[in-house]
Amino acid sequence: MELKNLYDVMVVGAGPVGLFLAAELRRYGVDAVVLERLSEPSQQIKAGSVGPSSAEVFDQRGLLERFPAPDPGVLAALGTGRPLGHFAGLWLLRGAPELRTMPIFAPQPQVEAVLETYARELGVPVVRGCEVTGLDGERVEVAHAGGTTTVTGRFVVGCDGGRSTVRRLAGFGFEGTGATITGRQALVDIAGPNPLEKGWHRTGTGMVVYGPGPQRVLTVEFDGPPADRDRPLDRAEIEASLRRVSGTDVVVNALITGTRWTDNTRQATRYREGSVLLAGDAAHVHPPFGGQGLNLGFQDAANLGWKLAATIAGWAPEGLLDTYHEERAPVAATALANTRAQIALMRPDPQTSALRELFTELLAYDEPNAHVSRLMTGVDRPYPIPGEHPEAGRVAADRPVGAARLYELLRTPGGLLLDATPGGAATRLAAGWAGRVTAVPGPENLLVRPDGVVAWGGPALDGLDKALETWFGRP
């Protein structure tokens, strides 16, 4: 398709985060386009699931039914005290009360396909074979098969991965720690008899993982970063790595798909520079342990989408767009810190062995276990929203609201006010925000932002007008 000369928002990158952000914008009528360098969706092995907090956002958009139902065996583990997750390969995490929703167990290519269909249904054009080669404020230079085109967007959002072109061209700072390991993840055909044992195993040379499927393997070697990160992973390399780490004579007949990665861990110093913003891996990179990256990115998109749409529509209160960085950057920083800690707990030396033993003992206690479970799922750090309500700054738990559920009501774009006051006093107070906030009778007084986050709640109406003005502009 041909590119127009002007868009409200140009989203660079048609990975899951870019597609979801574009769909969020389109729900509000924003003229958004997705530009993607690759001509076809990548089938490379990456994340294997979507975290619980992002699963709740997907429920709020009516997307959960597009994914397979959770495995019955995993569901059976809930409430039994059996491990539901790992930290540094220690499968000891039992969850926490804040983890109310099961993850979506679907490989990243499937997640991407679902979100591209969803975005296109909403009318988002996804233009493939377009590579961003220049960026000057709102003007973007795009190279494609027909030549080069300059397109203008009121805003440009880089969702183009850890080696983001948008981040580089816009001059964002990207600070952190460099690579010290080489990780390899692949789907392979292993010759029988297969000597690899299912599960995560720490050895004298690193970590080796086999499963959960019969073809998935992962290795971590503590011998520095790869000499040539861009060279494609081949069958011989993954076989040699498996042999070194597992200490077996495993034979790999074929490599189906595979990738290399490191513990390069960095974060953008700001998520916004004028009209250019970053989301997902473009804003933060870290090793993939626990599958935190995709979850972080979807939360970025949910937080940014409605704020950017409000800014374009002209009703955003002053500084609303800057709260995107203020709210999301600390959450990512916590994830980066815990992945560094996981690397430290995996090192193949006697000191680390002693530390793992101590850490294992600590995880036997409920509160440390719950704390680490919260860290791994990104629900440990609420946004800095004042108020006495126990959910202030957190994604609201789903609950019945009349004949519907709260998450079903959040499928209508905009904020949501639940009104439990006699005579609908809260609804009358919020009348000046009609079109931005929908008020409905509810079991309690609660103001929920479009990203599902509780902005206010309480038995009295004190503070409701301030919360409405803070998040939804002047009446």
Surrounding net charge for THR150, when Lys and Arg each add one and Asp and Glu each subtract one, Cβ distance under 10 Å: -1
Full-stretch length increase - GLU175, TYR365 - with 0.36 nm per residue and alpha-carbon distance subtracted: 64.9 nm
About the Cα centre, charge dipole magnitude for the range 182-261 (Lys/Arg +1, Asp/Glu -1 at Cβ), debye: 180 debye
Electrostatic dipole magnitude of the range 87-214 [Cβ: Lys, Arg +1; Asp, Glu -1; Cα centre; debye, to 20]: 320 debye
Of [x] 71, 64, 40; [y] 102, 55, 52; [z] 74, 60, 36, the label for Cα extents along the principal axes in Å derived from the coordinates: [z]
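Below 11 angstrom from the Cβ of PRO330, what's the summed charge of the other residues (Lys, Arg +1; Asp, Glu -1)?
-1
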R0 of 41 Å, Cβ-Cβ distance TRP91-VAL440: FRET efficiency to nearest 0.05: 0.45
In nm, spacing of pseudo-spin labels at ASP230 and SER42 (7 Å Cα→C-beta vector): 1.5 nm
Neighbour-count ranking [beta-carbon atoms within 10 angstrom, fewest first] of PHE67, PHE472, PHE20: PHE67, PHE472, PHE20
Surrounding net charge for HIS371, when Lys and Arg each add one and Asp and Glu each subtract one, Cβ distance under 12 Å: -1
Full-stretch length increase - THR412, GLN351 - with 0.36 nm per residue and alpha-carbon distance subtracted: 16.6 nm
Estimated 222 nm signal from helices in the chain, with DSSP H stretches of n ≥ 4 weighted -39500 (n - 2.57), rounded to 500: -9500 deg cm²/dmol
Percent of beta bridges antiparallel (DSSP, the chain, rounded to nearest 5): 70 percent
Relative contact order of the range 182-261, defined on C-alpha pairs under 8 angstrom at six or more residues apart (%): 45 percent
Axial C-alpha extent at least 27 Å, average Kyte-Doolittle at least 1.0 - helices from the chain (DSSP): none
Gain on full stretching of the segment that runs from THR148 to GLU197 - 0.36 nm per residue minus C-alpha separation: 12.5 nm
Sequence of MET376, MET346, MET102 once ranked by neighbouring C-beta atoms within 10 Å, starting from the fewest: MET102, MET346, MET376
Those lysines that a straight Cα-Cα span of less than 27 Å connects to LYS466, excepting residues fewer than 8 apart in one chain: LYS307
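Only the coordinates and a few stated rules stand behind these numbers; no lab work does. Quantities reported herein were computed from a predicted structural model and do not represent experimental measurements. Note that each Cβ is placed from the backbone with ideal geometry, even for glycine, and that neighbours are counted across all protein chains shown.
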